[in-house]
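The structure appears right after this line, and notes come after that.
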Amino acid sequence: QVQLVESGGGLVRAGGSLRLSCAASGSTFSPNVMGWYRQAPGKQREFVAHITSGGATNYIDSVKERFTISRDNAKNTVYLQMNNLKPEDTAVFYCYSAGVGGLHWGQGTQVTVSS
């Protein structure tokens, strides 16, 4: 059974920073891709960023230059460093992993940015 456990969400003022973490566990679990989606109130879930096991990254345009995704393969953990946060970044952030074991999601962590 694969589990993804997120942490690091919270309330921050505009311009502030947060760091999200997502630890994946499960027997013989070795995801190829790990990343983040987010869902703002009343909106569809949208892709934010991902990173492959080889370190290749991809970001949605609205977070480029502000967010940095990184990964510790030994710990099956992915991080999302979010700087210069804006009120429009307010959302529930969901971690995901994809690979031989299939697609898995975390439970979500709330990020709220006040103006």
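Every number here is computed from the coordinates shown, using simple stated rules; none is lab data. As the structure is a prediction and not an experimental result, all values here were calculated from the model. In this analysis, Cβ positions are derived from the backbone assuming ideal geometry, glycine residues included, and neighbour counts consider all displayed protein chains.
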Pairs where the first residue, in segment 55-72, is at negative phi and the second is part of a loop (DSSP other than H, G, I, E, B), C-beta under 6 Å, 6+ apart: 66/83; 66/84
Qualifying residue in segment 23-45 (condition: without any contact (Cβ under 8 Å) to a residue 60 or more places away in the chain, touching a Lys or Arg at 6+ places or on another chain (Cβ under 6 Å), part of a strand (DSSP E or B) and among the hydroxyl-bearing types (Ser, Thr, Tyr)): yes
Determine if segment 2-12 includes at least one residue that is more than 15 Å from the chain's Cα centre (by Cα), buried (at least 16 other Cβ atoms within 10 Å of the Cβ), touching a residue at least 12 places away in the same chain (Cβ under 8 Å) and farther than 20 Å from residue 102 by Cα. yes
Which ones in segment 64-89 are among the β-branched types (Val, Ile, Thr) and out of contact with any Lys or Arg (no Cβ under 6 Å at 6 or more places or on another chain)? 68, 69, 77
When the residues of segment 28-50 are narrowed to those that are aliphatic (A, V, I, L, M) and within 10 Å of the chain's Cα centre (by Cα), which ends up surrounded by the fewest Cβ atoms within 10 Å (Cβ to Cβ)? 49
